[in-house]
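To keep things clear, I will list the structure first and then write my remarks on it.
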Amino acid sequence: MEQNAQLLREMAAKAGAETWEDRKKNQTPQCKFGEDGICCRICSMGPCRITPKASKGICGADAHAIAGRNYVRFIAGGTAAHSDHGREIAHVLHVSSRDGNYIIKDEQKLLRLAKEWGVATEDRDIYEVAHEVAEIGLMEYGKPFGTLRYLERATEERQKLWEELDIAPRAIDREIATVMHMTHMGCTADAEALVMQGMRTGLSDGWGGSMMGTEFSDILFGTPTPIETEADLGVLEKDMVNIIIHGHDPAMSEMIVAASNQSDIIDYAKSKGARGVNIAGLCCTANEITMRHGVKMAGNFLQQEGAILTGAVELIVVDVQCIFPSLGPLTKCFHTKFVTTSDITRIPGSEFIKFDPITALDQARDIVKMAIDNYQNRGSNICIPQTKQKAVVGYSCEAIIKRLDTVTNSHVDELGTYKPLVECLESGVLRGAVGIVGCNNPKVRTDYSHIEIIKELIANDIIVVTTGCSAQAAAKAGLMQKEAKELCGAGLKRVCELADIPPVLHMGSCVDISRILMLVTGISKAWNVDIAKLPIVGCAPEWMSEKAVSIANYVVASGIDTYLGIEPQVKGSAQMMELITEGTRKMVGAGFIINTDPHKLVKSMIEGIEAKRTALGI
Ligand code: BF8
Ligand code: SF4
């Protein structure tokens, strides 16, 4: 990997291109006040910062109020991003039609959701049902009364607890607005109240916007089933038109993939001297598209510039989130065309083609043709690292249950059961389960923490489910191949052999952490044990985004201890540090465990899981 990075650095130097590594150097040392969360610029009396000489801002806000307000605004940003993604997909569902660009691929899932939400289905056209379900989903963002519908999917213990603590989320937009209001100058200065609202807002993401993003995507594009693919920059093809899809919302990329498979498009590529069109993904758009079509993954967050530096990408098309603005100037150093498609993500140096769900396939065809036309402009200096690994992806909850059913024949209904998984956990064949999620962060060596932690867990018979950039790190390291069972302890190895699965299951993009919520909820219900007591934890070893903090908050509020390899920016407040590690534990039975050393982090994770087993008497 280091060898690849070196090759790409040489490419950058030759092209006169700047990378995140250069900018990281220029940003070092980073601002200590920002790092500790004790710089406030919420009003123009400031900015105020807490120092040994100034323990309060001009208005009297102390370090706890300032760090707490900054922290909860992080959560609002993350919830807004995830949930707006969910809302966009709901709008696509709302215009789906039998003869349109977007059709219903998973009717059964739609019908189940319609039943759950009290939508009549008998003698109705499936698209009429779809539109009503989409509208109800959209109302979840702004309804004036009540709490979110999906909360009813949670265990009774959790629902009751959220009600008692008054953190059951209301409309999604309202929770985000409440954060902005609470943190306006002259409102909340109490750190505990901010942390509580942080959990409520996070819950509106996990059990609201993200869950809608996942479910509506499954209804429209199909619920993932296991499929083979490959990962790392080696998936780019020397003699094909390479198109990178990047971002999070799969709606446009679904059409790009469809367009690239049309015979006239393939013929057009051949007429320009290429062997065909090769689509490869970055970040969560890659996860979405690989889960459903096996489209190859070029890499994760910190590999986005690397992909362009190969000199072999004809076009990169992006939707929303985690897209470096640097792609504007960087693509100009090569022949690469850069296309943005969303009002949410406008970047200088890109060509803007506004996504329209009614004409998306035609737009996608135009974009793919633009890439094909650009093939002849590729320079002679290209450098595609030869590294890539095979992976099996596509483990939705439905797919996991189906695999388990084949092992035990304990099939109960059309949706199956998590009982076999519970039996494995209870007997100790599996010691526990960990969800490893989140980003890359230049503060630590790229992918290193993800991989070290995953290897240690599977060696200790702990099964891993993963999403986001963590999933891609695992895929690139070969941990999503069935052969990776050789790295496992005897118990997990046996489970992998019987169920014919890899020890690390790709569950999708970051909004698909809602799948993990449903998985853990299913286990809790089948076992009749509250989530907080299960030998199951979460981990974000290299997190960086606001979305990650939102996720961490709904995971904790759902009762799952969360291990962080990057420190949240609240260190300047002892009260905030206490609240996010121990304070939430007293309220919801879970909290953060923070350690920047991945080996120590995984050790404490295993100890935490074993302590939960002991407490359960197993
Ligand atoms: O939503 S893991 S770097 S790509 S934020 Fe972004 Fe982080 Fe990657 Fe997916 Ni999630
Ligand atoms: Fe300073 Fe208070 Fe204004 Fe923040 S809100 S900038 S602490 S005066």
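Annotations for the structure displayed:
- Net charge dipole size for the range 455-556 [Lys, Arg +1 and Asp, Glu -1 on Cβ; Debye, nearest 20]: 120
- Test item: Cα-centred dipole of the range 233-377, Lys/Arg +1 and Asp/Glu -1 on Cβ, debye: 320
- Ranking GLN575, VAL241, CYS322 by how far each Cα lies toward the positive end of the dipole of the chain (charges on Cβ) leaves GLN575 at the top.
- Dipole of the range 208-264, positive end: most advanced residue of THR223, SER260, SER210 [Cβ charges, Cα centre]: SER210
- Gain upon complete extension [ASN381, PHE145; 0.36 nm per residue less C-alpha separation]: 78.9 nm
- Contour minus Cα-Cα distance for GLU567 and GLN159 (0.36 nm per residue): 143.9 nm
- Heavy atoms of ASP106: accessible area, 1.4 Å probe, square angstrom to 10: 30
- Projecting the Cα atoms of GLY491, ILE451, LEU430 onto the charge dipole of the range 428-517, computed from C-beta unit charges around the Cα centre, puts ILE451 farthest toward the positive end.
- Rounded Å value of the spacing that divides the Cα centres of the range 569-600 and the range 304-328: 35
- Helical segments meeting 24 Å axial Cα length and Kyte-Doolittle -1.0 threshold in the chain (DSSP H): 63-94, 598-616
- Dipole magnitude of the range 1-122, debye to nearest 20 (Cβ charges: Lys/Arg +1, Asp/Glu -1, about Cα centre): 560
- Debye intensity ratio in log₁₀ form over the Cα atoms of the range 480-618, taken at each q of 0.14, 0.15, 0.20 Å⁻¹: -0.74, -0.85, -1.44
- Percent RCO, i.e. relative contact order, over the range 391-616, from Cα pairs under 8 Å lying at least 6 residues apart: 22
- Estimated Rh, the chain: Kirkwood, alpha-carbon pairs, angstrom: 24.7
- Given LYS143/LYS586; LYS482/LYS603; LYS388/LYS485, the pairs whose alpha carbons are separated by over 21 Å: LYS143/LYS586; LYS482/LYS603
- Cα gyration tensor shape of the range 217-323, rounded if a/c is under 1.5, else prolate or oblate by comparing a/b with b/c: oblate
- Length-normalised contact order for the range 241-377 - Cα pairs under 8 Å, 6+ apart - percent: 31
- For GLN262 and LYS390, the FRET efficiency from 1/(1 + (r/R0)^6), where r spans their Cβ atoms and R0 equals 30 Å, is about 0.65.
- The overall shape of the range 477-557 is oblate: from the C-alpha gyration tensor, with semi-axes ordered a ≥ b ≥ c, the ratio a/c is 1.5 or greater and a/b is no larger than b/c.
- The range 555-611: C-alpha gyration tensor shape, a/c 1.5 cut-off, then a/b vs b/c: oblate
- Counted over all Cα-Cα pairs of the range 1-83, pairs farther apart than 22 Å make up 52 percent.
- Measuring nothing but how far apart in sequence close Cα pairs (under 8 Å, 6+ apart) lie, relative to its length, the chain scores a relative contact order of 17 percent.
- Whole-number Å³ per residue for the convex hull built on Cα positions in the range 59-221: 106
- Residue separation of ALA526 and ASP366 scaled by 0.36 nm, minus their Cα-Cα distance, works out to 52.7 nm of gained length.
The values are calculated or read from the model by the stated rules, or taken from the named source; none is laboratory data. Keep in mind that what you see is a predicted model, and the values were worked out from it rather than measured. All Cβ positions, even for glycine, are placed from backbone atoms using ideal geometry, and neighbour counts span all protein chains on display. Accessible surface is based on the protein model in full, side chains and every heavy atom, while ligands, DNA and RNA are left aside. Shrake-Rupley method; radii C 1.70, N 1.55, O 1.52, S 1.80 Å.
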